[in-house]
Amino acid sequence: MASPSTIDPQTLSVASELGKRLRAHVEALASPELAGRKPGTPGIRAAADYITARFREAHLEPLPSLGGYGQPVSPFLGDNLIAVRPAAAPHRLSPGPLRWLLIGAHYDHLGGRYLGADDNASAVAILLETARLLPSLQRHPILFVAFNTEESPYIRTPLMGSQYFVDHLPAEIGSAANLQTVIIMDLMGGVHWAPLREVVFAAGAEKSPALYRRVKEVIRTLRREDGLTVLPVGMHLVEEIPLLGSTSFSDYDAFRDASVPFLFLSSGRTPRYHQPSDLPDTLHYERMAATVRWLSQAILHMDQDSEPYSFQADRLEFADEVASFRPIVSQAADQKTKIPGTSFLSLWKLKRDATWIQELDATPPSPEDIKRLERLSMRIQCLLVEFPVCFPI
């Protein structure tokens, strides 16, 4: 029998027009006909055709240097897809070279029975609807990019679509220094544990103080709208992965390595991650719709900044991380609201963690505090994906 804290996604209504449009995108991209969008297959080419058709409908422009929306990653694997909405008055408001905002999500998946609704048709759907709804900004042109070849065996290699993009920047962009900020989305629709039903995690902005200020500003402004909760967390917590330890796992990594300010958005993994059960009827479309609205406002706030954002690779906002995790750990440690599948021993550890984090004075953090929060993040992630052995973590 399902735990009381388990969400059945099929009970979540899709009432808004935006939610219905998002679902239609996911159903098209994660359809059996596209056979899991594996790079180098007819399915990935059909997905590319679908995305470029939506770019045209949104009146987005291709980059002249590419001669179209496609940036070939290899003759065999397929293309990155790049579209632009020019700024309304970039030179009048922001002297100097154009500084670009980039919104990206990978559109490939594993292929075969693995159709990849949450991973990552959900984020591509948000990308497409944001592109449709967002007007031209005043200062910054916007790049909308659907990256290819994010999944294994290409991740963390030169053939990863985002890495290829950074290594072969189109002539109009010129240098990675001309990217004002990059927003990457991955796993944006999954829902499993009730306390995270309306939650999206925002990571990476802590490396850039002015960008982080804008993200926090939008969180405060929209906190009571749409029921969406955006929680700031540090990348060092997101990258704590069971069995693998500290490992990058999405397209933000190529930009981080180039010291480009970035924001990574995700609703996190569920037990359907990289499983045949990752299907269109398992997503939370109204939360995705709220994310489109939140993201649009965040971009409008970022457009107010003409000065380049700094990038400090080791910077943390530890007090905010602790504030984000406190309610999550408290609910995970409660017998009534625990994560489904939590064992007696894992629950015992979580209760100790809950006491520790409630009493923690997060300013300034000690190295031991940082390490303990990283282990706690890994334990929570382990339980959320129903990894069989979570207690030793």
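Quick notes
- Residue within region 223-241 that is aliphatic (A, V, I, L, M), touching a Lys or Arg at 6+ places or on another chain (Cβ under 8 Å) and part of a loop (DSSP other than H, G, I, E, B) present: yes
- Residues in region 128-178 that are of a type in the set (S, T, N, Q), over 24 Å from Arg293 (Cβ atoms) and in contact with a Leu (Cβ under 9 Å, 6 or more places away or on another chain): Asn148, Thr149, Ser152, Ser175, Asn178.
- Gly67 meets each of the listed conditions (1) free of Cβ contacts under 8 Å to residues at least 12 places away in the same chain; (2) crowded, with 19+ Cβ neighbours inside 10 Å; (3) of a type in the set (Gly, Ala, Ser) apart from (2).
- Within the set Ala354, Ala362, the sole residue that is hydrophobic (A, V, I, L, M, F, W, C), under 16 Å from Ile328 (Cβ atoms) and modelled with pLDDT of 95 or more turns out to be Ala354.
- Leu187, sole failed condition from (1) over 15 Å from the mean Cα position of the chain (by Cα); (2) in a loop (DSSP other than H, G, I, E, B): (1)
- Residues being of a type in the set (A, V, I, L, M, F, W, C), more than 11 Å from Gly189 (Cβ to Cβ) and in a helix (DSSP H, G or I) - total across region 5-30: 4
- Cross-chain or 6+ apart pairs with Cβ under 6 Å, region 111-128 first and in the same structural domain as Pro271 (by TED's automatic domain parsing), then of a type in the set (Ser, Thr, Tyr) and not in a helix (DSSP H, G or I): Val124/Tyr107
- Residues of region 267-310 satisfying the condition of being over 17 Å from Leu29 (Cα atoms) and in contact with a Gly (Cβ under 6 Å, 6 or more places away or on another chain): Ser267, Thr270, Glu286, Ala289
- Test: residue in region 32-51 that is under 20 Å from the mean Cα position of the chain (by Cα) and acidic (Asp, Glu): no
- Matching entry among Glu286, Glu239, Glu198, Glu206 (being acidic (Asp, Glu), without any contact (Cβ under 8 Å) to a residue 12 or more places away in the chain and buried (at least 17 other Cβ atoms within 10 Å of the Cβ)): Glu239
The values are calculated or read from the model by the stated rules, or taken from the named source; none is laboratory data. Please read all numbers here as calculations on a predicted model, not as lab measurements. Glycine also receives a Cβ, built like all others from the backbone with ideal geometry; neighbour counts cover every protein chain displayed.
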